[in-house]
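> Quick one: structure below, then a few questions.
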Amino acid sequence: MEKNFRYTTLLFPQRVENNKLFFNIVFLPRNRDPFKPMDTEIPGTTTTPFADLVPQFTIKIVKGLEDFPVDNAAVAPIAKQILVQTAARKKVLLDATRKSFGAQLNNTAGDKAEKVNDPTKPITVKKYLPESYRKSFNFTSPRHPNAVTDDSYHCAIRDSKPNLTPKTIDLLSWGKVFGYLLRQPILAKACGLIYSGSIDVEPEWFSKGGYMYVDLSNGDHVAVQNASWTVPEDGSFVKRYAARIPKLKPGEKRSLFAPVLFPVLHSFGGAVTEPKAPWDEIFKEITAYDDGFAKIVHANQPISLNLLAEAQDGAHPVHDAGIRLGWDDEQLLIWYVRQMQENPNNPGKRVDAPIGLFGYRVDVKQNFDDAWQSLNTVITQQDYKIAFAGGEQAVGNKTDMALELPYQVYPSQVDSQGAKSFWLPMYFTNWIGRSLVMKDEVAAKLYKHGDANVAVNTEQIFKDQQVSFKLHYGKTYMFRVRMCDLSHGGPTVTDEVSELKQTINPSETVDFKRFIAPGKLRFTNLQNLLINTGDPKKIDTEKNHVDFYNETTVMGEEVYDANPLVNLKRPLLGYPAVLFTNKYTESDALAKLQATADADADPFNASATRVGLGIADPDVSKVEIIVEVETLKLDNLLSYEGDENYAHLYTTHRNFDAVNFDAMLDIPFTFVDAQVLNLIDFERETATKPFSNDELDMDNLNGRADVVIPTARKVRITMRAVCEENEIYFGVNNGPKERQTRYGATTQIFLYKESDVE
């Protein structure tokens with residue numbers, strides 16, 4: 001680390017409009033106590049403590065992009081003194097911050113940056129490129145060796161083992177505190193870390209592009225800054241980074257963004273030492289992202305119980321994760337690798353070009369002509385206050401103010417093992433119809449599992465601002481991603497991607513569909529039907545099914561009722577999928593879910609029976625009933641799979657109540673004597689007359705309330721929930737029924753009755 005280095009200034013351009021360029025300044029002190037005079041490497045000199053410093057800034061403009069910005073070049077940069085709003089309560093708020101952390105604040109903790117990775121033991125960042133990313137543009141091969149398309153990410157997830165002794169750090173340095181303050185834009189500005197300003201742009205300044213940076217122009221700091229220049233390795237008292245400004249046309253209106261910043265150089269004896277780095281690659285990145293919009297947005301819906309699966313495998317997801325989003329996977333990977341690995345052009349050192357990117361803002365709309373709406377906007381519902389043991393200090397009256405919080409993407413070690421590489425997630429976020437930057441208050445209340453000791457605190461300083469439409473199955477949504485810089489600036493939701501930047505995939509369109517298959521039907525007359533009792537007389541152990549027997553006892557002997565009755569309800573569907581159906585009103589669905597959650601059994605009571613969190617699946621419209629009869633042991637030809645000795649007799653359906661989703665459906669079974677059965681294999685339609693009885697044709701069988709079954713045969717009844725066919729609404733509509741989204745899990749019933757007449 002450069003020994004003279006005490007402050008950093010970073011300039012982030014925001015936009016140009018009416019020949020006025022707007023910008024933000026991030027002014028960061030090094031890891032020093034802000035209440036003590038800032039020490040220097042110059043004997044006998046100190047400067048004003050940061051808590052007391054009222055900074056004065058001078059904007060410097062370098063015309064043209066031929067060279068790097070040099071502060072003492074032969075052609076001096078254009079200097080413009082600017083006025084910024086003073087952080088009048090900075091010292092008071094920093095003092096309250098110090099008191100709030102108390103003894104936890106130890107300025108020696110984490111004072112030094114991590115060393116550059118040892119090339120012989122590289123701990124780096126990797127990224128799996130999902131199919132949705134590769135299909136969103138003309139992908140040929142990865143741009144970086146750490147971007148993979150094989151199964152290495154899947155193996156890392158599958159083989160991960162939890163680290164049972166994670167490393168924890170209880171002490172905080174002032175450097176980390178400054179980092180925390182930067183995460184709250186209002187607090188960061190109040191504490192003097194972020195400033196905003198603007199300048200009038202002359203036509204010739206950026207006709208060919210240029211650079212902008214900011215100097216700290218307080219008198220005592222200028223003197224120390226000038227005296228700090230000794231040799232390049234010692235660095236300057238204030239480390240300055242410049243933003244690269246693209247070519248601007250007079251009167252042009254556009255957003256500006258600096259994804260990467262450049263060090264401001266100093267000439268020593270007329271010579272400028274150009275920093276070593278892969279500049280050609282960095283210049284291309286800046287050109288691509290100088291408007292602040294992501295260029296390759298892609299999306300996906302989980303279609304399997306295995307969240308890593310990208311092809312339908314028959315294992316339907318159980319919970320709906322909404323729409324998964326990713327963007328610029330390879331570029332994010334390159335930026336992270338650059339920060340961790342050594343400079344390829346200067347071994348042992350890092351690339352001195354800090355990433356200006358701090359987070360992302362995701363926008364959505366339903367129709368092409370609609371205005372974009374942000375999924376990151378929150379509304380303050382309390383005043384900002386810093387609480388500490390002796391009281392609290394208000395940042396200011398900020399109630400009912402809207403602001404956008406950044407969504408951040410980080411790599412992680414999947415098993416917290418320090419010797420393994422980090423992975424960026426497969427997708428960066430998922431949208432379930434709510435804010436991307438706030439915790440889901442509905443889920444927090446629902447999934448407390450009925451434990452009275454679990455306190456769910458949903459009172460917080462922010463509440464999310466919902467978009468004007470809901471996330472529903474069968475609807476189409478468009479997404480784009482805006483970048484947020486370290487000053488919390490970046491393009492606004494009203495900005496548009498310029499036509500010159502719409503060459504890859506700056507927005508993605510998603511047809512939101514249901515991939516969750518219905519669950520098992522709920523049978524409610526369990527007190528009369530013996531299910532899995534453990535009695536070997538009642539269970540067929542050779543098959544994976546449930547035997548239902550409706551029996552009574554006469555003179556000590558068990559006999560079967562002539563006409564068993566089954567009472568059942570729709571399967572359950574949980575949160576948030578039940579809201580996506582748009583069959584309930586949201587308030588009604590949430591009230592029913594909350595009542596279910598509150599009434600659910602105690603999770604800490606081992607003997608309690610839990611029914612699961614969910615309410616009646618409103619997409620289920622009917623019950624499919626397949627009637628099969630047992631044949632000879634090796635007579636498998638007419639069976640469903642071709643490997644069982646059960647032949648298909650007929651298939652029928654019974655409808656649920658179309659209005660009352662909680663209504664019971666009673667299905668009686670009626671035995672009839674039938675000397676002849678017309679059996680049909682599953683490859684063909686049901687026979688017109690399954691029974692020899694002429695009156696029992698399919699029109700009759702489908703129109704009855706009861707289900708007719710033959711006597712003198714062992715009958716297998718297979719029942720499952722079915723939804724109405726809708727290719728726009730459901731995700732998988734072809735192939736075997738077990739793979740289609742519309743069909744639920746099966747329950748099998750076995751019945752038998754002797755015939756009245758042989």
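> What Kirkwood radius, in Å to one decimal, follows from the Cα pairs of region 645-752? Let's see the in-between values first.
Working: mean 1/r = 0.0637 Å⁻¹.
By the Kirkwood definition, the hydrodynamic radius is 15.7 Å.
> Please sort by residue number the GluC sites (Glu not before Pro) in region 469-516 whose DSSP state is loop and whose Cβ has at most 15 other Cβ atoms within 10 Å.
For GluC sites (Glu not before Pro) across region 469-516 that sit outside H, G, I, E and B with at most 15 neighbouring Cβ atoms in 10 Å, the list reads Glu496.
> Using only alpha carbon pairs under 8 Å that are at least six residues apart, calculate the relative contact order of region 299-363 and give it in whole percent.
21 percent
> Below 8 Å, C-alpha to C-alpha, sequence gap of six or more: please give me the relative contact order for region 286-398 in percent.
RCO, region 286-398: 13 percent.
> Another question about this same structure. Report the GluC sites (Glu not before Pro) located in region 618-678 that are in a DSSP loop and have at most 11 other Cβ atoms inside 10 Å of their Cβ, or state none.
On the way: sites: Glu624, Glu628, Glu630, Glu641, Glu644; in loops: Glu641, Glu644.
In loop regions of region 618-678 (DSSP not H, G, I, E or B), the sparsely surrounded GluC sites (Glu not before Pro) are Glu641.
> Let me ask something additional. Counting helices only, and only those DSSP H runs with n ≥ 4, report the 222 nm mean residue ellipticity of the chain as the sum of -39,500 (n - 2.57) divided by its residues, in deg cm²/dmol to the nearest 500.
Working: 12 runs with 101 residues, N = 758.
Value at 222 nm, helices only, nearest 500: -3500 deg cm²/dmol.
> Treating the angle as unsigned and between 0 and 90°, give the value, to the nearest 10°, between the Cα long axis of helix 329-340 and the longest Cα principal axis of the chain.
Helix 329-340 and the main axis of the chain meet at about 50 degrees.
> With all pairs of different alpha carbon atoms counted, what Kirkwood hydrodynamic radius in Å does the chain show?
Averaging 1/r across every pair of different Cα atoms and inverting gives 31.1 Å.
> Next question. Work out the length of the dipole vector of region 271-429 about its Cα centre, built from +1 on the beta-carbon of each Lys and Arg and -1 on the beta-carbon of each Asp and Glu, and round it to the nearest 20 debye.
In total the dipole reaches around 460 debye.
> Express the relative contact order of the chain as a whole percentage, based on alpha carbon pairs under 8 Å and six or more residues apart in sequence.
13 percent
> Another question, then. Which chymotrypsin sites (Phe, Trp or Tyr not before Pro) in region 1-56 sit in a loop by DSSP (not H, G, I, E or B) and have at most 15 other Cβ atoms within 10 Å of their own Cβ?
Of the chymotrypsin sites (Phe, Trp or Tyr not before Pro), the ones in loops of region 1-56 whose Cβ has at most 15 other Cβ atoms within 10 Å are Phe35.
> Summarise the accessible area of region 333-392 (1.4 Å probe, protein heavy atoms) by the percent that is carbon and sulfur.
47 percent
> Within the set of other residues whose C-beta is less than 9 Å from the C-beta of Tyr743, count the net charge using Lys and Arg as +1 and Asp and Glu as -1. Mind showing how you got there, number by number?
Details: positive: Arg720, Lys737, Arg739, Arg742; negative: Glu624, Glu738.
With Lys, Arg at +1 and Asp, Glu at -1, the neighbours total +2.
> How far, in degrees from 0 to 90, does helix 219-228 lean away from the longest principal axis of the Cα atoms of the chain, to the nearest 10?
With both axes taken from Cα atoms, the answer is about 90 degrees.
> Among 361-369, 615-623, 324-332, what's the highest-first ranking by average C-beta atoms within 10 angstrom per residue? Display every interim value, and only then the final one.
Details: 361-369: 16.7, 615-623: 21.4, 324-332: 23.2.
Those peptides, ordered most packed to least, come out 324-332, 615-623, 361-369.
> Order these peptides, 408-414, 170-176, by their mean beta-carbon neighbour count within 10 angstrom, highest first.
Descending mean neighbour count gives 170-176, 408-414.
> Can you tell which of Thr711, Asn582, Trp205 lies farthest toward the positive end of the dipole of the chain, using +1 and -1 charges on the Cβ of basic and acidic side chains (Lys, Arg; Asp, Glu)?
Result: Trp205, furthest along the dipole toward the positive end.
> Taking all protein chains as present, what is the carbon and sulfur share of the accessible area of region 660-745, in % to the nearest whole number, probe 1.4 Å?
45 percent
> I'd like to know which of Asn376, Ser141, Met426 lies farthest towards the positive end of the charge dipole of the chain, counting +1 on Cβ of Lys and Arg and -1 on Cβ of Asp and Glu.
Among Asn376, Ser141, Met426, the one farthest towards the positive end of the dipole of the chain is Asn376.
> Something else about it: Say the cut-off is 20 Å between C-alpha atoms; which of Lys520/Lys737; Lys247/Lys284; Lys161/Lys439; Lys592/Lys622; Lys36/Lys90; Lys463/Lys583 go over it?
Lys161/Lys439; Lys592/Lys622; Lys463/Lys583
> Now for a separate question. If you count, for each residue, the other Cβ atoms within 10 Å and average over each peptide, how do 665-673, 142-150 line up from highest to lowest?
Order by mean packing, descending: 665-673, 142-150.
> Compute the angle between helix 90-101 and the longest alpha-carbon principal axis of the chain, please, reported from 0 to 90 degrees and rounded to the nearest 10.
50 degrees
> Let me ask something additional. If you roll a 1.4 angstrom probe over the protein chains with everything in place, what fraction of the accessible area of region 178-281 belongs to carbon and sulfur, to the nearest %?
In region 178-281, the share of accessible area belonging to carbon and sulfur is 51 percent.
> Hey, what's region 623-758 come to in accessible area per residue, 1.4 Å probe, Å²?
Accessible surface, normalised per residue, equals 49 Å².
The values are calculated or read from the model by the stated rules, or taken from the named source; none is laboratory data. Quick caveat: nothing in here was measured; it's all calculated off a predicted structure. Ideal geometry is used to build each Cβ from the backbone, glycine not excepted, and the neighbour counts take in all protein chains shown. Only protein heavy atoms, including side chains, enter the accessible area calculation; ligands, DNA and RNA are left aside. Shrake-Rupley method; radii C 1.70, N 1.55, O 1.52, S 1.80 Å.
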